[in-house]
1. At R0 = 30 Å, how high is the FRET efficiency between D516 and D536 if r is their beta carbon distance? Nearest 0.05 is fine.
2. Measure off 7 Å from each Cα along the Cα-to-Cβ vector at E675 and A311, then give the distance between these two points in nanometres to one decimal.
3. What list of ³J(HN,Hα) couplings, whole Hz, do you get for segment 14-20 from phi and the Karplus terms 6.51, -1.76, 1.60, once you set θ to phi - 60° and write x for glycine and proline?
4. Which order, highest average first, do 499-507, 675-683, 60-68 follow once you tally other Cβ atoms within 10 Å for each residue and take the mean per peptide?
5. How much FRET efficiency would the formula 1/(1 + (r/R0)^6) give for R816 and A727, where r is the Cβ-Cβ distance and R0 is 22 Å, rounded to 0.05?
6. Subtracting the Cα-Cα distance from 0.36 nm times the residue separation, let me have the gained length for D639 to M444 in nm, one decimal.
7. Give me the distance between the Cα centres of segment 769-834 and segment 681-732, rounded to whole Å.
8. Under 28 Å between alpha carbons, and skipping anything fewer than 8 positions from K74 in its own chain: which lysines qualify?
Amino acid sequence: MSSIPQDALLGRELVRLAATPDSKHAAIHEACQLLIAAGCVDPAFAESMIAREAVANTYLGHGVAIPHGMVEDKSLVRRDGIAVLQIPGGLTWNEGQVAHLVVAIAAKSDNHITILRRLTRLIQDSARLDALFITTDPSAIVAALTQEAALSTAAPTADFAEKFDWTVDYPAGLHARPAAAWVEAARAAGVPMKIRHGAEAADPRNLVALLQLGLRQGDGVTVSADGDEAAAALARFKAKITSLTAQEKADAKRAADKAAVPVRGWTPPGAPAQIAAIPASPGIAIGPLHILAASQFTVPDSPVPLAEGGAQLEDALTTTKLQMRAVVDDTTRRLGAADAAIFKAQAELLNDSDLITLTCQLMVEGHGPAWSWHEAVERMAAKLTALGNPVLAGRAADLRDIGRRVLAKLDPTITHGSMANLPDAPCILVAADLSPSDTAALDMSRIIGLAMAQGGPTSHTAILARTLGLPAIVAAGPELLAQKRGTMAIIDGQTGRLYLAPSAADIDSANTYAADIAGKRSAEAAQKSEPAITIDGVRIEIGANVNRPDQVPLALAEGAEGVGLMRTEFLFLEAGATPTEDEQLATYRGMIAALGDRPLIIRALDIGGDKQVAHLDLPHEDNPFLGVRGARLLLRRPDLLEPQLRAIYRAAAASDVKIMFPMVTSVDEILAVRETCERIRVELDARILPIGIMIEVPAAAILADSLAEHCDFFSIGTNDLTQYTLAIDRQNPELAAEADSLHPAVLRLIAQTVAGAAKHERWVGVCGGIAGDPFGAALLAGIGVDELSATPRDLPAVKARLRASRFSDLQALAARALAAPTAAAVRALDTDIA
Ligand code: PEP
Ligand code: MG
């Protein structure tokens with residue numbers, strides 16, 4: 001960015017207040033006169049601006065228009081400048097678009113981008129904008145358009161008056177997760193702030209700018225703030241950034257421990273160099289690395305009117321944010337809050353004002369939205385990579401990754417490059433991450449393992465690898481991509497390690513271990529469609545947690561006997577709008593068709609707590625986990641409950657469908673939802689369906705005997721039951737390790753639930769995460785639950801564990817667990833039945 005002072009671009013003489021042009025052309029001429037008088041443009045520039053209007057809509061939105069010249073007329077610009085025409089009475093710019101501020105841009109270079117960035121921020125502050133529409137002080141307009149922009153272009157050494165120095169003590173430096181917390185704190189501060197490292201400075205409200213500082217452990221920074229509240233804001237900010245240190249150190253220690261301690265599984269006898277990543281699909285493979293060049297794809301430049309492009313961009317960003325929320329939600333449930341935080345940080349990149357402004361700027365220059373977005377992402381990512389810091393290279397990869405998600409919304413026709421030049425011999429495929437089109441093109445005869453620099457265990461690549469039975473690791477970091485093509489390697493998908501240039505002894509040992517794993521796996525696989533019947537003849541039903549019809553075949557292939565939990569909130573989260581009764585009907589029918597005559601438990605919408613649906617516009621709650629969520633919300637919102645129940649009753653026909661209500665705490669709630677179900681059933685003349693509830697709060701577990709009288713079954717949601725029993729927010733990464741569903745207090749509530757249900761001969765299932773853990777499943781069976789429902793890929797191991805056990809042993813195990821004092825003591829019992 002150039003360092004030309006902003007007042008050289010826009011001074012009071014370039015602002016005309018209380019203008020009353022009678023047409024768009026008159027306004028453009030009047031604004032252009034100001035630019036001509038200031039020596040910014042040739043008189044012919046007005047015609048160029050008019051010509052631009054014929055090919056592009058320069059109305060930016062919210063009463064602001066930004067006329068500018070044709071790209072090919074840059075020679076008419078003598079120096080960069082901006083002229084502002086204030087039109088208090090408004091002027092119709094295009095049909096339905098009224099301009100109050102006409103910001104005419106003459107730009108040879110990219111200097112005006114800072115002003116545009118300020119404008120895009122201003123546009124979100126309608127109160128301030130409204131004041132500018134009628135102000136009688138031209139310097140108010142100059143200040144609004146230059147001050148904050150000046151912040152990012154001011155001499156970097158110029159701190160604000162109020163400041164403190166701090167030395168970064170995060171072992172991994174300022175990576176995306178803490179940086180996202182800095183951004184949040186800086187935004188909450190309400191005063192302009194600056195972070196300076198040597199000669200580089202950044203506005204801490206801007207994630208990419210912050211990351212570009214490339215702060216590592218030991219780097220000194222000066223944090224400064226402006227305004228009356230500066231001192232208090234700085235104190236709060238300092239408290240926030242220093243409070244992250246403990247977590248960062250703990251994370252670094254965990255990562256170091258993880259890399260140092262051989263995880264259960266294979267350990268090479270030699271000491272080959274290794275890369276520690278996240279396990280994504282178990283198994284061992286030995287072969288040369290094949291590094292897939294970053295997939296190249298072209299994004300066609302298809303310009304559309306600016307306002308339309310802006311709307312498309314906003315839509316794509318909003319939908320991607322919703323999807324990311326679903327990914328965070330899913331990951332929290334599946335892997336815990338600490339892993340989900342990675343996606344949260346990635347989603348934060350979607351709010352980056354520099355990125356969005358650059359995209360808008362490229363659109364203003366006449367490019368299409370998809371092209372502009374892609375170009376902006378690439379430019380920002382290239383800047384991050386160019387700094388030569390591996391942490392930032394990882395962030396560049398994150399940016400590109402999230403960029404692709406948005407791009408797919410902006411132009412669904414874009415396809416990525418294919419898998420060319422694979423060697424003939426079997427190889428371990430190394431890539432940043434694989435797109436769905438890449439994975440579709442995988443040549444399975446030549447690929448024996450996947451190692452990805454990015455991605456998570458729930459990424460497309462990981463899911464595909466598990467489906468195909470390919471050993472895979474993900475999130476190995478940029479170091480992976482720096483490896484030489486053809487390097488011999490061993491990938492261990494169980495431990496998440498990639499061993500480089502192994503010795504002959506390492507390879508022999510790996511081969512033996514692989515043969516053992518293959519034996520165990522084929523034994524599990526051979527039995528996965530067998531029922532989970534213990535040696536002494538007790539059968540546990542096995543369901544899968546599946547939300548969409550297209551996931552059912554995989555679940556059945558893994559041995560699911562039905563669907564024990566269909567979380568319907570995903571329908572609402574992913575759609576970006578409330579699905580209609582008919583849309584829901586189609587999905588439920590799809591599930592039923594995919595399952596044939598197998599059982600399906602459809603859970604009514606569970607919104608609130610960690611599952612927020614933006615488009616429902618629910619009131620803010622200070623403590624949403626203890627607020628109007630689950631059944632409480634449904635009872636207050638018949639507009640959500642009734643269409644859903646109608647769709648379920650209509651879909652169910654002759655199939656084995658049950659309805660389940662989340663977060664029920666009292667008999668009154670059950671009676672109320674039952675009454676609604678019955679009214680709707682009678683209206684539709686539908687069949688009676690069993691109605692059950694989730695046991696997710698201690699009150700429900702304790703009162704299970706009373707609740708059981710009024711419902712047909714229970715399914716225990718151990719994720720929430722653990723959170724409410726242990727008073728640990730399920731999303732709090734700090735406490736993730738302690739939120740153990742095998743805590744004896746949780747187990748005793750489960751036992752109490754089972755006993756309460758037995759009084760009325762109701763069956764009890766468990767659909768929380770612990771049902772998918774083989775040891776957890778064994779304990780639950782011993783406590784007496786009838787059904788377990790888990791993520792499909794967890795099912796074969798759960799079934800194998802149950803089939804290898806004697807029920808009487810499981811009961812004895814459960815008795816010991818229930819008497820144990822701590823979760824660790826419960827887990828220590830695992831060896832007893834290994
Ligand atoms: C649970 O709480 O265990 C559960 C299965 O429900 P969810 O994770 O959707 O809240
Ligand atoms: Mg729950």
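1. The calculated FRET efficiency here is 0.60.
2. So the label points at E675 and A311 sit 4.5 nm apart.
3. 9, 10, 10, 8, 6, 6, 9
4. Order by mean packing, descending: 60-68, 499-507, 675-683.
5. 0.30
6. Full extension of this stretch gives 65.3 nm more.
7. 21 Å
8. List returned: K24, K108, K383.
The values are calculated or read from the model by the stated rules, or taken from the named source; none is laboratory data. Note that the structure is predicted; figures quoted are calculated from it, not measured. When we count neighbours, we look across all protein chains shown, and the Cβ atoms used for this are built from the backbone with ideal geometry, even at glycine. Surface accessibility is based on the protein's heavy atoms, side chains included, excluding ligands, DNA and RNA. Shrake-Rupley method; radii C 1.70, N 1.55, O 1.52, S 1.80 Å.
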